[in-house]
1. Take the conditions over 30 Å from residue 151 (Cα atoms), at pLDDT 95 or above and crowded, with 19+ Cβ neighbours inside 10 Å and apply them to residue 404. Does it pass?
2. If I go through region 332-343 residue by residue, how many of them are surrounded by fewer than 19 Cβ atoms within 10 Å (Cβ to Cβ) and within 21 Å of residue 45 (Cβ to Cβ)?
3. In region 13-54, which residue that is touching a strand residue (DSSP E or B) at 6+ places or on another chain (Cβ under 7 Å) and open to solvent by 30 Å² or more (accessible area, probe 1.4 Å) is nearest to residue 142 (Cα to Cα)?
4. From the set of residues in region 101-135 that are of a type in the set (Val, Ile, Thr), part of a helix (DSSP H, G or I) and open to solvent by less than 20 Å² (accessible area, probe 1.4 Å), which is farthest from the ligand (Cβ to nearest atom)?
5. Going by the structure shown, is residue 387 of a type outside the set (S, T, N, Q) and surrounded by 21 or more Cβ atoms within 10 Å (Cβ to Cβ)?
6. Among 65, 83, which is under 23 Å from residue 308 (Cα atoms) and either more than 16 Å from the ligand (Cβ to nearest atom) or surrounded by fewer than 17 Cβ atoms within 10 Å (Cβ to Cβ) (or both)?
7. Taking the stated definitions as given, is residue 329 open to solvent by 40 Å² or more (accessible area, probe 1.4 Å), touching a Ser or Thr at 6+ places or on another chain (Cβ under 8 Å) and either within 26 Å of residue 221 (Cα to Cα) or at pLDDT below 95 (or both)?
Amino acid sequence: MTKVNDNFLKLQKSYLFVAIAQKVKAFKEANPSAKVISLGIGDVTQPLAPAVIEAMHKAVDEMTDTKTFRGYGPEHGYAFLQDAIIANDFKPRGIELTRDEIFVNDGAKSDTGNIGDILGKDNTICVTDPIYPVYIDSNVMSGRAGEIVNGLWSNVSYMPCNAENNFTPEIPDHKTDIIYLCYPNNPTGTVITRERLAEWVEYALRHNSIIMYDAAYEAYIQDETIPHSIYEIEGAKKCAIEFHSYSKTAGFTGVRCGYTVVPKELKAIAADGSEVELNGLWERRQSTKFNGTSYITQRGAEAIYTPEGKKQVKATIDYYMANAKTMRQTLTGLGLKVFGGENAPYIWFKTPGGMSSWEMFDKMLNEAHLVCTPGVGFGPSGEGYIRLTAFGQHEDCLEAMERIKKIIKL
Ligand SMILES: *Cc1c(COP(=O)(O)O)cnc(C)c1O
């Protein structure tokens with residue numbers, strides 16, 4: 001019989017969102033008249049910017065004429081989008097990149113999951129805890145995570161992120177080959193300072209490690225001192241791959257577009273001891289397994305960088321950040337310990353009175369008819385925390401805060 005990839009059988013079931021859905025369903029059946037509000041939405045809710053819609057309509061019309069029709073595009077992405085990315089996301093921050101260092105894709109999840117294709121199986125991995133699950137599961141699938149012992153993977157080092165270290169992990173005292181960092185962070189909504197990020201770059205350069213930097217939420221940064229890209233740190237081009245996404249930036253969760261930066265200077269070692277440029281390997285991997293993002297989508301993404309596009313996209317981010325501010329103020333006013341929500345669309349708060357994440361989830365659902373996400377679902381260090389997202393409607397957010405005020409007495 002044909003054999004399966006046994007690594008897939010090692011994957012742990014993702015109980016979190018299934019368990020939440022079951023509890024919400026049971027509650028609604030028992031309380032059919034209750035108006036349940038979700039503060040757990042992990043998806044954007046506001047429509048695409050008019051400038052994006054207009055650009056996409058125009059691109060569709062081009063498809064109707066043999067003279068302007070587009071078939072297969074460059075696997076790397078169209079030059080018009082790469083140029084807009086370089087000119088807007090990097091040049092103003094003093095970062096020089098060339099077109100062939102930008103790989104346009106169908107979103108950050110694909111590339112954060114696929115990037116391991118070009119790296120050896122026996123590299124060690126380091127992740128923050130709590131974490132976006134893709135980083136670990138993709139390494140389990142490729143056999144790089146090792147074996148699971150008491151819920152932790154044997155080849156993975158976990159860096160706890162908690163209130164004590166302000167949700168930025170300590171620099172490890174041992175060498176690891178691949179480090180995943182995501183800032184602004186999902187799920188904690190916290191950021192990393194330039195100084196701390198520079199320490200990570202220094203660590204990676206010293207150990208010849210590679211940092212996988214997920215910048216999916218950089219557009220939410222409000223504080224000017226916080227870096228938007230790891231390449232703002234000197235030397236990072238020699239040790240980091242960076243993932244960007246238009247999903248949270250511009251509501252592209254359904255449209256699908258993002259890009260990955262693989263600098264030419266970034267090298268890793270081959271079995272024969274020679275140093276190899278990863279840019280060339282990723283280029284080969286993409287042109288074999290990926291056939292590009294649609295022309296229509298890339299025209300839509302390009303429009304985000306026009307003056308109107310920028311204004312419209314910012315208005316939507318401001319809308320979500322107003323929700324975040326409302327939540328932060330209310331919860332802080334109740335005396336809760338609240339993190340995030342200032343440079344990210346996520347609020348992360350400590351449950352009152354030492355309740356577990358799930359106890360607090362049940363209390364919010366049963367007493368306030370609110371759905372949240374238990375922090376423990378993102379990793380052991382998330383126990384005792386709750387994640388709220390700012391992606392809902394503002395009226396719902398206001399109502400949710402009124403309800404929370406009634407159930408939390410410290
Ligand atoms: C939402 C999200 C992404 C973006 O994923 P897409 O595939 O681009 O939609 C990437 N990283 C993190 C941590 C996210 O939360």
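1. On the way: over 30 Å from residue 151 (Cα atoms): yes; at pLDDT 95 or above: yes; crowded, with 19+ Cβ neighbours inside 10 Å: yes.
Spelling it out, residue 404 is indeed over 30 Å from residue 151 (Cα atoms), at pLDDT 95 or above and crowded, with 19+ Cβ neighbours inside 10 Å.
2. Qualifying residue count for the region: 0.
3. Among them, the one singled out is 42.
4. Here is the first cut: in region 101-135, the ones of a type in the set (Val, Ile, Thr) are 102, 104, 112, 115, 118, 124-125, 127-128, 131, 134.
Restricting the remaining residues to those that are part of a helix (DSSP H, G or I) gives 112, 115, 118, 134.
Still in the list and also open to solvent by less than 20 Å² (accessible area, probe 1.4 Å): 112, 115.
Working: 112: 6, 115: 12 Å.
The extreme case among them is 115.
5. On the way: of a type outside the set (S, T, N, Q): yes; surrounded by 21 or more Cβ atoms within 10 Å (Cβ to Cβ): yes.
Yes: the conditions hold for residue 387.
6. Numbers: 65 fails: under 23 Å from residue 308 (Cα atoms).
It is 83.
7. Details: open to solvent by 40 Å² or more (accessible area, probe 1.4 Å): yes; touching a Ser or Thr at 6+ places or on another chain (Cβ under 8 Å): no; either within 26 Å of residue 221 (Cα to Cα) or at pLDDT below 95 (or both): yes.
Considered against the rule, which asks whether it is open to solvent by 40 Å² or more (accessible area, probe 1.4 Å), touching a Ser or Thr at 6+ places or on another chain (Cβ under 8 Å) and either within 26 Å of residue 221 (Cα to Cα) or at pLDDT below 95 (or both), residue 329 comes out as no.
Rundown of residues vs (1) under 27 Å from residue 392 (Cα atoms); (2) crowded, with 17+ Cβ neighbours inside 10 Å, yes/no style:
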{"position": "214", "(1), (2)": "yes, yes"}
{"position": "219", "(1), (2)": "yes, yes"}
{"position": "240", "(1), (2)": "no, yes"}
{"position": "263", "(1), (2)": "no, yes"}
{"position": "266", "(1), (2)": "no, yes"}
{"position": "273", "(1), (2)": "no, no"}
{"position": "305", "(1), (2)": "yes, yes"}
{"position": "312", "(1), (2)": "yes, yes"}
{"position": "324", "(1), (2)": "yes, yes"}
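The values are calculated or read from the model by the stated rules, or taken from the named source; none is laboratory data. The structure presented is a predicted model; accordingly, all values stated were derived computationally and were not measured. Counting neighbours? That spans all protein chains shown, and the Cβs are built from the backbone with ideal geometry, glycine included. All accessible areas refer to the heavy atoms of the entire protein, side chains included, with ligands and DNA or RNA removed. Shrake-Rupley method; radii C 1.70, N 1.55, O 1.52, S 1.80 Å.
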